[in-house]
Amino acid sequence: MQVQIERMGYSQDGIAHSPEGKTIFIPQTVVGDLVDIELIEDKAHFSRAKLKEVLEPSSFRVTLNCSPEEHSSVAPWAHIAYDAQLRSKQDAVRDAFIRIGKFDSELIDSCLKTIIASPKEWAYRNKFELNVQADTKGLKLGVHELGNNTFLPLSSCSLIPKQIEKLPKALSGALNFALKDPSQYPERVGIRYSERSKDLEIALWTSPGPFDRKVVSKVISDATKASSIVRVLLKGPAKSRKVSGVEVLKGKGFWKEKLLDHQMQISAPSFFQVNTKATDKLVQTVLDYLKPQVDDTIFDLYSGAGTFSVPLAQASDNVIAIESYGPAVRDLRRNAEINQVFIEDIGGDAARELPSIGQAHKIIVDPPRAGLAESVVKDLDSTGAKQIVYVSCNPSTLARDIRRLVDLGNYNVEAIQPLDLFPQSYHVETVVALQRA
């Protein structure tokens, strides 16, 4: 079948239609491509296909700037010109609010701002995780292909800074030299590098048990010059592994980064945005919408290690942060101390804690991809806050939650600001500012 790609989905796929009008999802295509495809899955309402040949390439198609392995896994939009990536991401946000949120298109068009581009298109990631596969020759480090989970060995990566782009190969050699017992192989290996602080942390995610700590730390240190090497201990079933502890094998035991003019220290299990320069823009966008004042009471829900709490606390004397993940709570307390600000931290689930902490002037929420529980939406409405800013990496759950909040009758959408924190992928970050009606 020959089809024309009409638009990009919020995935690795381009979208076309069959002569009968059925939607077809096709990876590694670009808006405007004329392609020859082969159907691999045919459902009642949609089909999936593989690309056989690009018959007439789109003007938005570019030469790959990375390896085929990266293109199939961590950089699925690397074949798309960056301007076209940005347009497709903005369109995805607009589509989610209209299709899933059921908002009027004219309202969304009046609120939707032009997407803020990433300062760097490549070599922007401060964090990269490698999967581990073992065979008779030892272990290999790599990534999983999107769509079928095939393991792809990786010796370098174009998304991480030039200073460390060859680090996967060096780590693979070091671990094979240091670990002779396959039972001690890590499940995955995390790399964090800051171009600002020059800190490099290597995190080995393993099960508890015997481990050649001294040998591993020395060999990795010699091979990478890491400022911190840690072992993150995991327990529980494979699909729901939890962190039971962190062992410092060498160095600081944490990773340092600078965000705007704030010093941040992050432990290996804690979340931190992967694109530091773009995160500067994200934090500034939130501050611009909230306009924190010294006497404001500000709630920061799902606060993590303090990405928003710390800069908010520099402007306001009453910032209350709610976070349920233990390592992040500890990092938040340390970052408040380092930056000499006061943050009242509550270690607990937002759904449980929010109803009991009273009223707020302003609120920021930055939940996981699954979004907010419906009870949290109702509790947000009950706080009486004049402003709510919602930060999300998932347009679908974001549009759903904003719809629920607006339907309660007390808030209007003031602005929708997409930001690109993930060039070469389809992911997009979005900030929505709501004003109390």
What are the extents of the Cα atoms of region 242-326 along their three principal axes, in Å, largest first? 43, 26, 18
In this structure, among K140/K250; K140/K277; K127/K235; K102/K386; K256/K291; K113/K162, pairs with alpha-carbon gaps over 29 Å are K140/K277; K113/K162
Final fewest-first order of R94, R241 on the 10 Å Cβ neighbour count is R241, R94
Which value, in debye to the nearest 20, gives the size of the charge dipole of the chain about its Cα centre, when Lys and Arg are +1 and Asp and Glu are -1 at the Cβ? 1440 debye
When Lys and Arg each count +1 and Asp and Glu each count -1, what net charge do the other residues less than 13 Å away from K214, Cβ to Cβ, add up to? +1
Counting Lys and Arg as +1 and Asp and Glu as -1, each charge on the Cβ, what is the dipole of region 127-257 about the Cα centre in debye, to the nearest 20? 280 debye
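Would you order F299, F422, F97, F211 from fewest to most other beta-carbon atoms within 10 Å of each residue's own beta-carbon?
Details: F299 30, F422 24, F97 27, F211 20.
The most exposed by this proxy come first: F211, F422, F97, F299.
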Roughly how many Å is it from the Cα centre of region 300-330 to that of region 209-263, as a whole number? 24 Å
Axial C-alpha extent at least 15 Å, average Kyte-Doolittle at least 0.5 - helices from the chain (DSSP): 167-178
When the expected Rg is taken as 2.2 N^0.38 Å, what fraction or multiple of it is the alpha-carbon Rg of the chain? 1.03
Net charge around W77, counting only other residues with Cβ within less than 14 Å of its Cβ (Lys, Arg = +1; Asp, Glu = -1)? -3
Rounded Å value of the spacing that divides the Cα centres of region 33-83 and region 166-194: 32 Å
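Can you give the relative contact order of the chain as a percent, counting alpha carbon pairs under 8 Å and 6+ residues apart?
13 percent
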Among T297, Y426, A170, which residue has its Cα furthest toward the positive end of the charge dipole of the chain, with +1 on Lys/Arg Cβ and -1 on Asp/Glu Cβ? A170
Given Cα positions, please report Rg to Rh for region 36-170, the hydrodynamic radius being the Kirkwood one. 1.04
Largest-first semi-axes in Å of the equivalent ellipsoid built from the Cα gyration tensor of region 1-43 are 14, 12, 10
Below 8 Å between Cα atoms, with a sequence gap of 6+, how large is the relative contact order for region 127-257 in percent? 20 percent
GNM result for the chain, Cα springs below 10 Å: residue of P19, P423, P68 fluctuating most strongly: P19
Identify which of V310, V216, V294 has the largest mean-square fluctuation in a Gaussian network model of the chain, with springs joining Cα atoms closer than 10 Å. V294
Expected output is a single nm value to one decimal: the length gained when fully extending between A370 and E344, i.e. 0.36 nm times separation in residues minus the C-alpha distance. What is it? 6.8 nm
Assign unit charges at the C-beta atoms only (+1 for Lys and Arg, -1 for Asp and Glu), then state the dipole size of region 228-313 relative to its Cα centre in Debye, rounded to the nearest 20. 740 debye
Classify region 127-257 as rounded, prolate or oblate, taking a ≥ b ≥ c as the square roots of the eigenvalues of its Cα gyration tensor: rounded when a/c is under 1.5, otherwise prolate if a/b is larger than b/c and oblate if not. rounded
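Only the coordinates and a few stated rules stand behind these numbers; no lab work does. This structure is a prediction, so every number in the text was calculated from the model and none was measured. Neighbour counts run over all protein chains shown; Cβ positions are idealised from the backbone, glycine included.
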